[in-house]
1. Quick one: count up the residues across the range 136-164 that are part of a strand (DSSP E or B) and free of Cβ contacts under 8 Å to residues at least 60 places away in the same chain.
2. Considering only residues that are in contact with a Leu (Cβ under 7 Å, 6 or more places away or on another chain) and part of a strand (DSSP E or B), which ones fall in the range 165-191?
3. When the range 41-63 is examined, which residues are found to be at pLDDT below 85 and either of a type in the set (A, V, I, L, M) or not assigned by TED's automatic domain parsing to the domain that holds A84 (or both)?
4. Which residues, counting only those in the range 16-35, are at pLDDT 80 or above and of a type outside the set (G, A, S)?
5. Among the residues of the range 114-127, which ones are touching a residue at least 40 places away in the same chain (Cβ under 8 Å) and surrounded by fewer than 18 Cβ atoms within 10 Å (Cβ to Cβ)?
6. Which of the residues belonging to the range 164-193 are under 22 Å from the mean Cα position of the chain (by Cα) and polar (S, T, N, Q)?
7. Could you identify the single residue in G154, G167, G171, G145 that is at positive phi and surrounded by 15 or more Cβ atoms within 10 Å (Cβ to Cβ)?
8. Those residues that are touching a Phe, Trp or Tyr at 6+ places or on another chain (Cβ under 9 Å), on the phi > 0 side of the Ramachandran plot and surrounded by fewer than 14 Cβ atoms within 10 Å (Cβ to Cβ), I need them from the range 37-84; list them, please.
Amino acid sequence: MPANMIAGDGALPLQRRERRPTSLSAYATRQDGSVVELTVVDLSADGCGVLCQSGLRAGERLNLAVLRRGTTGATVCWADGGRAGLSFDSPVAVGGATKPRCHERVSVDGEVAMRRAGKTNFRVHIYDISPDGCKAEFVDRPELGEQLWIKFDGMEALEAHVCWIAGARAGLRFGRQIHSAIFDLLVARLAGR
């Protein structure tokens, strides 16, 4: 156990929740905007252990994005070489309290048209989709909470808002949910079926 996980002067060691072993690809955005690749190797409700080639520092604040799982703020509790322990912040969503996802995201690999306010259309790559939103990769990174319009081939443009950002990728929440029948057709089209 790293030294800073132990209470000082003969006190009992600090207790933590049981962590479950895992192997999840992740990215951490540092306060200076730089992005670090991580692998989450264990996970609990309030923190995780990570492997990282870039040195993390105890006390460092990060925005952690786990692929297909979402993002959260985190603080580095301890760091030792290529390993570190992170403690999650209390979840906060753009514009209010965090809500659990209503639908599971479906993994896709496709391109769609996107438009920012006052700008022309451009193409972005999307990686997953649900009736409520999707994950996209941007060349020109949007702002958290920014309003965008996304257009899937054969559909009218949907309003969307940026919920999270991790490096060049961002999570988008649609202004209105896609009907389930339309969603099934859309997924089939994006999957090339």
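1. We begin by selecting, within the range 136-164, every residue part of a strand (DSSP E or B); these are 136-137, 147-151, 158-164.
Pick out the ones that are also free of Cβ contacts under 8 Å to residues at least 60 places away in the same chain and you get 136-137, 147-151, 158-160.
So the answer is 10.
2. I165, L172, F174, listed by residue number.
3. L43, A45
4. Within the range 16-35, the first condition is being at pLDDT 80 or above, and the residues that meet it are 21-35.
P21, T22, L24, Y27, T29, R30, Q31, D32, V35 - these are the residues of the range 16-35 that are at pLDDT 80 or above and of a type outside the set (G, A, S).
5. Of the residues in the range 114-127, the ones touching a residue at least 40 places away in the same chain (Cβ under 8 Å) are 115, 126-127.
Within the range 114-127, R115, Y127 meet the criteria.
6. Q177
7. On the way: G154 fails: surrounded by 15 or more Cβ atoms within 10 Å (Cβ to Cβ); G171 fails: at positive phi; G145 fails: surrounded by 15 or more Cβ atoms within 10 Å (Cβ to Cβ).
Checking each option against the conditions leaves just G167.
8. R68, the sole residue that qualifies.
The values are calculated or read from the model by the stated rules, or taken from the named source; none is laboratory data. All values derive from a computational prediction rather than experimental measurement. Cβ sites come from the backbone with ideal geometry, for glycine too, and all protein chains shown count toward neighbours.
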